[in-house]
1. Return the only residue of L493, L459 being farther than 22 Å from G517 by Cα and not hydroxyl-bearing (S, T, Y).
2. Could you list, in sequence order, the residues of segment 420-445 that are part of a loop (DSSP other than H, G, I, E, B) and either touching an Asp or Glu at 6+ places or on another chain (Cβ under 9 Å) or closer than 16 Å to V472 by Cβ (or both)?
3. Based on this model, can you work out whether A457 counts as under 25 Å from E403 (Cα atoms) and in a helix (DSSP H, G or I)?
4. Just to be sure, is T507 outside any loop (DSSP other than H, G, I, E, B), out of contact with any Gly (no Cβ under 6 Å at 6 or more places or on another chain), buried (at least 19 other Cβ atoms within 10 Å of the Cβ) and polar (S, T, N, Q)?
5. Where in segment 116-178 are there helices (runs of 4 or more DSSP H), lying wholly inside it, with at least 2 residues that are at pLDDT below 75?
6. Please work out if E500 is under 29 Å from A531 (Cα atoms), touching a helix residue (DSSP H, G or I) at 6+ places or on another chain (Cβ under 8 Å) and in contact (Cβ under 8 Å) with a residue 40 or more places away in the chain.
7. Of the residues that make up segment 675-690, is at least one more than 54 Å from the chain's Cα centre (by Cα), at pLDDT 75 or above and surrounded by fewer than 16 Cβ atoms within 10 Å (Cβ to Cβ)?
Amino acid sequence: MSGQAPPQPPARPARHDLLNSKPPPNYVAGLGRGAIGFTTRSDIGPDRTAPDRSAAACRGRAPGEDVGGGADEDKGSDENQKFDEFEGNDAGLFSSAHYYDDDREADAVWEVIDQRMDSRCKDRREARLKEEIEKYRASNPKITEQFADLKRKLADLPAHEWEKIPEIGDDSLRRKKERFESFVPVPDTLLEKARREQEHVTALDPKSRAAGGIEMPLAQTPVTDLTAVGEGRGTVLSLKLDRLSDSVSGLNAVDPKGYLTDLKSTKITSDAEISDIKKARLLLKSVTQTNPKHPPGWIAAARLEEIAGKLQAARELIQRGCEECPKNEDVWLEACRLASPDEAKAVIARGVVSIPNSVKLWLQAAKLETGDLNKSRVLRKGLDHIPDSVRLWKAVVELASEEDARLLLHRAVDCCPLHVELWLALARLETCDQAREVLNKATEKLPKEPTIWITAAKLEEANGNTQSVNKVIERGIRSLQREGMDIDREVWLKEAEAVEHAGSVLTCQAIVKNTIGIGVDDEDQKRTWVADADECKKRGSIETARAIYAHALTVFLSNKSIWLKAAQLEKSHGSRESLDALLKKAVKYNPQAEVLWLMAAKEKWLAGDVPAARAILQEAYAFIPNSEEIWLAAFKLEFENNEPERARMLLAKARERGGTETSERVWMKSAIVERELGNMEDRIGHGVKAKDVYENGLKHCPSCIPLWLSLATLEEKISGLSKSRAVLTMARKKNPATPELWLAAIRAELRHGNKKEADALLAKALQECSTSGVLWAAAIEMVPRPQRKGKSSDAIMRCDHDPHVLATVAKLLWHDRKVDKARNWLNWAVTLAPDIGDFWALYYKFELRHGNMDMQKDVLDRCVAAEPKHGEKWQAITKSVQNSHLPVEALLKKAVVALDAEEMQMQQVA
């Protein structure tokens, strides 16, 4: 084995000559391990940009190739400098690429999107920018803006105030630093020289004065006193003026008064105005010279001279304008205006000769004449040249008498057959038959003119042909529709209103009847017609509104709301007879509408016809036998007319018909009647029987709050507070969240001096009825006076606009002597709750103490119109037997007396 040769190792694969072989495509040496070549500033120099060393830039280079220089590198460096702030390097990267149509379309789409997005934010951006500018200007105003109000006030500053304004002086020397000044004694020689200079004579001797000048020897020392020189000049000037005033010829005489008058008449023009006039004169001169056939240039040039005060130059210019532009009427009118009164007629005569078809010139020529005859003669000459001028025909007709006007209008409609005003004017001057013929001819010439048909209807109405009015309007509507005219109901309704204000009621009704339903769908008729009537009422067109309701009721016979609106219109603007007739028709077509029966009966009652009202209610029984409202209305009619037995019988029948479902109102009215007849157990001293009656009533009406309150008052009177407290507690259980029951319990505790219990009840009541105005009003009055202001704020916050709170706050303001504020709050309270009489009594009491007669009367009248029915103190007075039939005025005065008595009692207790 030792002689054998050792085994040979396996042969190695052939090695590639990597350094001499060609690298694969896109190979970059060292890129895999993160080695990247770099170039320093010393390699590229100060004026070159570093080349791109990214992988994309290095791809494709051969190994060993220098990446730091070369022409290609310079080219890439220049391309890399094309950098865009928005697109980055893409702008330089794709700058040499081809721009295809798809790219252009895409860019256009994105441009539209950008514009759309920008427009959506434009309003907000502009508003924000405007707000920022306003804030900046408000915080940094200009000097002119700061003194703008003061400048405006200078316009009203009088002359004497202007004179008081001191002149602006140069005070810059004051601000300069004072320099050191040294003073030395004056030499005696200087003082002596000054004295000799002052010894010169400064007055004129008599010889010089007589000669009118100054004679001074040549050897005399010249005058060096400046004051004396000024006095001498003044003296010489006065001598010259005296000599001129004494001139015999009069040519050089000076009239002081006339001189001042001439000064007043002199127009003082500033340099700026003179400069502007000169510039405008040059400009207009250029206009008239370059284009002499341009009339506005001559007119402007003439007016400029007129403004400058050169009237003669203005006349000459406009005369040249007339010569250059003889066919322009404005130039002739301007020449007529600038001419003197004696020459104006001649100017306008030349104008009408040059332009015989100018209506303006003929009218101006007529205006220059003095008498109507001369004016008419000029206008007729104009009509010879312009027979189809409506303005000339109107002018000549206005100057003529009635007979001449009729003849002229016959000629006018022949010359101007398409002008409706001439036809209508002729129809007004003719007799009835002739007017019909005129209007018939007018409809032939103007078949699409609705005014002719309306005038024809008004003509028939004025002549008493009431049956023909509707026929004319109806025929006119059909004729206009045949001619293709669109009938606009809004326009025709306005025509109806105009006709109504002109006094033609039947024509107005006919227009409404024939046009109100045009273009309105069936389901929209009621809403549209009611809205139209309301708008007419607002504009004061009552007859138009009445006609709309009349037509609507022919379509909606059984609609209760339209009948009520029509009745309200008649009540406000019609007569009592028209209202009665309307209500009779209303109940005839709506026999089940109890409100219409009640309204009809009430109107008869207010008219003083009680039997007629009673008959209407009896008729209503037959149609609505179980209507509680009708039974109560019949009771009120009998009770208010001092028929308590009749009222008692009616209520008994109402209770029988109602049975166990009889409402609390019937029981309350029954109690009122019994009290009136003296059958009230409580009133005659039978407390136990009265208690049984109340308990019986509460079995049938457990939710009747007045019955609970009456029973609690009776128990407090008979058995004391404990029994009354138990009744009120039971009432609150059966009727929770009732402020009146809580208030009655609180006042019962206060009457017996239980302040703590009352406060506790009030706290519970405000928890259960947190928005009750009567409870918050009681809370304000129960707290000590220093705390009432805070409690008032809490009450207003919890129950805003509650009249009880407002009235209580008004009383606080009244006690604090804030009269105006108290009046406003009381007025606010009665406006919000006019049905509560307590507020009216408080308001009237306030005006009796602090108001005048007019204010007191205003409150009294408003209370009578409101007819209040509620209120704790008010009902106690009105429900009293002795006050049951008193008017509202007397009840209000009794309520004020009761308030005064209550105030006196509280002052005595305090």
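The values are calculated or read from the model by the stated rules, or taken from the named source; none is laboratory data. Quick caveat: nothing in here was measured; it's all calculated off a predicted structure. Because the Cβ atoms are built from the backbone with ideal geometry, glycine has one as well, and the counts that use them run over all protein chains shown. Remember, those area values only see protein heavy atoms, side chains included, never the ligands or the DNA or RNA. Shrake-Rupley method; radii C 1.70, N 1.55, O 1.52, S 1.80 Å.
1. Result: L459 is the single residue among L493, L459 that is farther than 22 Å from G517 by Cα and not hydroxyl-bearing (S, T, Y).
2. E430
3. yes
4. Yes.
5. 143-146, 148-153, 172-175
6. yes
7. yes
Okay, residues lined up against (1) touching a helix residue (DSSP H, G or I) at 6+ places or on another chain (Cβ under 8 Å); (2) among the basic types (K, R); (3) without any contact (Cβ under 8 Å) to a residue 60 or more places away in the chain:
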| position | (1), (2), (3) |
| --- | --- |
| D276 | no, no, yes |
| V287 | yes, no, yes |
| H294 | yes, no, yes |
| A301 | yes, no, yes |
| E306 | yes, no, yes |
| R320 | yes, yes, yes |
